[in-house]
Structures are given as C-alpha cells and as structure tokens.
Amino acid sequence: MKILLCSYAFAPSVGGIETNSWILAEQFSRLGSSVTLVTQTPGETASTTYEIVRRPSLRTLRRLARRADIIFQNNISLQTLLPLQFCGKPIVITHHTYLTRTDGTLGWQDRVKRGLLRAFHNVAGAKAIADTLPVRSKMIDNVFQSDEFTFDEGQVRDRDIVFMGRLVSDKGCDVALRALSRLKSEGVYPSFTVIGDGPEMPALRRLTEELGLQEQVEFRGAMREGRGREVARHKIMVIPSVWPEPFGLVAVEGLAAGCVSAASNVGGLPEAVGPCGLLFPKGDAEALAAILKTLVADSCLREQLLAQRDNHLRRFHPEVVARNYLEFFATVVRDHSRSSILRRAKKD
C-alpha cells in the first residue's frame, strides 16, 4: 500500500504528534507499505526507510497524492487538508486532541474543521476524543515508544516519584509539589524528579523553595536522551493534570518503564492508566498526597497494579497499532474503489 502521511509537525520538532507520526511511519514501512511523509517542519532529514518531504508546494503535494493509495492525516491540519480534499483519493484523519480552543470555545478554524469531517474517514486515538467529535469515528489506540520505555525486572528503583511533561499550568506539577508538602508535614519524605521544561519552571522552582522541598525535588529539564532509563529508576509516575488531557500517553510510557500511576481523573487519563494505577480528583493535593503515601509504602499494591501491565500495554504496542491502521486503510481503499466503480457505472 502507498501511504501519504501528513504530519504538520515532525522531527526535529519534539512533541507527541511528532513522535506518533515517526513511530507509525517506521512501522508502516517495516510492515511492507511505501510511505511518504510530508510536514511543515523545516530541518535536516536523517536517513529513513521512507521519504520525507518538508514544506511541499501545492503542486508537489498534489503530485504525491496522485501516486498514493490513501492519504493519512495524523491530526487535522487545514494547510494540507484543503488542497487535498478533491484529489480523488480516500483521506483518513486521526484526531489526537479536541476540536476546540483550550477553554472549550470554538474558533473559526475549529468550525471549518468540524464542518469538513463528514467528507472523510475519522479515527480517534482515545475515547475522550471520540466522545467530542461531531461524527462517528474508528477507535485505534495511541502508540508509545516501546524501544525507549522498557521494563527490566532487575532495574534498581532508587527514586520514588517522577513527573514528566511540559511545565505549563495545565499539567498541574504544582499540585504534586503541594501534595509532597502535605506528606512532609506527616513525616513522609519521598524523592521527586521533574522531567521537562516550560514557562512554569521558574514558578515551580520558587514553590519548591517556599515549601521547603529542595532536598526532595530534582529538576532534570527537558531530557532529549535517556528519558526511559531515568523514568525506570522510579516507582511511581504522577500525572496531576488539571486540564482534561485528550489521552495522557505519559501514563503508558511510565507503565512501560515499570511505574504505577497516580493520575487525575479527567479526560483520557483514566483510559491511559487503565487498571495499573490510582486516580484522584483533579487539583486535589490532599487526595493526591494520600494516594502517593499509599503507593510509596505499599510495595504489594504496586506489584498488584503492575501485574496487569502487559495486557494493558499490548493495545498500545507500535506493531499492534500499525497493523490496526493498515487493516482499516485496506478497508477504506477497498470501499473507495467500489464506490468509484459504481459512480462510473451510473454515468455510463
């Protein structure tokens, strides 16, 4: 199958969509498909098993569409969708986030996107996303970096709790710090590692000092390499988001590295955590402190939660997810071909 994969953002840019597109392109290629990836991200193109075309002209984009069997847009982008909507090829769009502004309102771009969806085949990477789409969608799970986040029975876990994510207010890292302060007042002093960077870094460092947590908290910054090894040193992954995450892939990555989750109960996080962690009401530092206290102290409970790890992770494994996509693509291409034949027959 010839796949034109459209990913507005891609490496060397860093983020969830970029990683997702990279993993799927690699897997599609490995499983025998011919993949061309187009992106608006500039940069050097490393050697890959598939073609990467950066910032293509409209003429190039349409030429690439003509030679493809299917167009796969990994997260909707009007910049590539509008020029391709009448190319005569089936188009699949995977939605990774809500088609609204962050405050839940609709901007003009959101209205245009929502109005176009009925003309295409839609995929949701999480139930929280599917529930908000104005059209029916196919559910295909998100994918995680199985080569980066791995589990080793002999791993020495010399740290207690880890947070990994962009340091913005939506991620709730301050809630985790306030939970640590509550534990400190009870005489419990778990270690806490923060992996990530962002505009909230200065405020979080100040809060750490104000709460007297300097001896417990370590800020590692945005680690470009070795994140999986660092996460695997910990027992617990905390995901205290106050915004309803569309999914929360970090919970899956933490679990793959052997961490149980302590996560807020909003958006897609309950689905990402599954049976392998505990949930608390968003923004409730006291409730989070109680969960962390239990998970730090109770190794048997952690083992019980991890016992369901393999079954939960299997659905997000790169090859499993890629095969699910390819099966869906084959169905879409077959149905599109039949419809084209029927249209031509009616004209004749």
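Descriptive notes on the structure:
- Among residues of the stretch 150-167 that are at pLDDT below 95 and among the hydrophobic types (A, V, I, L, M, F, W, C), those with a Cβ under 6 angstrom from a residue that is part of a loop (DSSP other than H, G, I, E, B) and surrounded by 10 or more Cβ atoms within 10 Å (Cβ to Cβ), sequence gap 6+ or separate chain, pair up as F151/G258.
- Looking only at the stretch 130-165, and only at residues there that are in contact with a strand residue (DSSP E or B) (Cβ under 6 Å, 6 or more places away or on another chain) and either of a type in the set (G, A, S) or in a loop (DSSP other than H, G, I, E, B) (or both), the one that is farthest from L116 (Cα to Cα): R157
- Check on F28, touching a helix residue (DSSP H, G or I) at 6+ places or on another chain (Cβ under 7 Å), among the aromatic types (F, W, Y), surrounded by 18 or more Cβ atoms within 10 Å (Cβ to Cβ) and outside any loop (DSSP other than H, G, I, E, B): yes
- Residue in the stretch 72-91 that is nearest to V135 (Cα to Cα), counting only those that are hydrophobic (A, V, I, L, M, F, W, C) and touching a helix residue (DSSP H, G or I) at 6+ places or on another chain (Cβ under 6 Å): I76
- The set of residues from the stretch 179-205 being under 13 Å from F163 (Cβ atoms), assigned to a helix (DSSP H, G or I) and touching a helix residue (DSSP H, G or I) at 6+ places or on another chain (Cβ under 9 Å) comprises A179, L180, L204.
- Looking only at the stretch 302-332, and only at residues there that are free of Cβ contacts under 8 Å to residues at least 12 places away in the same chain and farther than 19 Å from G125 by Cα, the one that is surrounded by the most Cβ atoms within 10 Å (Cβ to Cβ): Q304
- Any helices (runs of 4 or more DSSP H) falling wholly within the stretch 297-348 and containing at least 3 residues that are at pLDDT below 95, of a type in the set (S, T, Y) and closer than 30 Å to T94 by Cβ: 318-347
- Qualifying residue in the stretch 104-118 (condition: farther than 30 Å from R302 by Cβ and hydroxyl-bearing (S, T, Y)): yes
- Residue in the stretch 172-179 that is touching a residue at least 40 places away in the same chain (Cβ under 8 Å), touching a His at 6+ places or on another chain (Cβ under 8 Å) and assigned by TED's automatic domain parsing to the domain that holds I291 present: no
Here's the yes/no breakdown for (1) more than 21 Å from the chain's Cα centre (by Cα); (2) part of a loop (DSSP other than H, G, I, E, B); (3) crowded, with 22+ Cβ neighbours inside 10 Å:
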{"site": "P12", "(1), (2), (3)": "no, yes, no"}
{"site": "E18", "(1), (2), (3)": "no, no, no"}
{"site": "L37", "(1), (2), (3)": "no, no, yes"}
{"site": "T45", "(1), (2), (3)": "yes, yes, no"}
{"site": "R59", "(1), (2), (3)": "yes, no, no"}
{"site": "R63", "(1), (2), (3)": "yes, no, no"}
{"site": "Q73", "(1), (2), (3)": "no, no, yes"}
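- Annotation for the stretch 96-115: at least one member residue is assigned to a loop (DSSP other than H, G, I, E, B), of a type in the set (A, V, I, L, M) and assigned by TED's automatic domain parsing to the domain that holds S33.
- The set of residues in the stretch 183-200 that are surrounded by fewer than 18 Cβ atoms within 10 Å (Cβ to Cβ) and either in contact (Cβ under 8 Å) with a residue 40 or more places away in the chain or farther than 26 Å from T294 by Cβ (or both) comprises E186, V188, D197, G198, P199.
- Only one of L117, L167, L84 that is surrounded by 18 or more Cβ atoms within 10 Å (Cβ to Cβ) and either more than 24 Å from the chain's Cα centre (by Cα) or acidic (D, E) (or both): L84
The values are calculated or read from the model by the stated rules, or taken from the named source; none is laboratory data. In this text the structure is predicted, and so the values were computed from the model without any measurement. With ideal geometry, Cβ positions are generated from the backbone for all residues, glycine too; neighbour counts draw on all protein chains shown.
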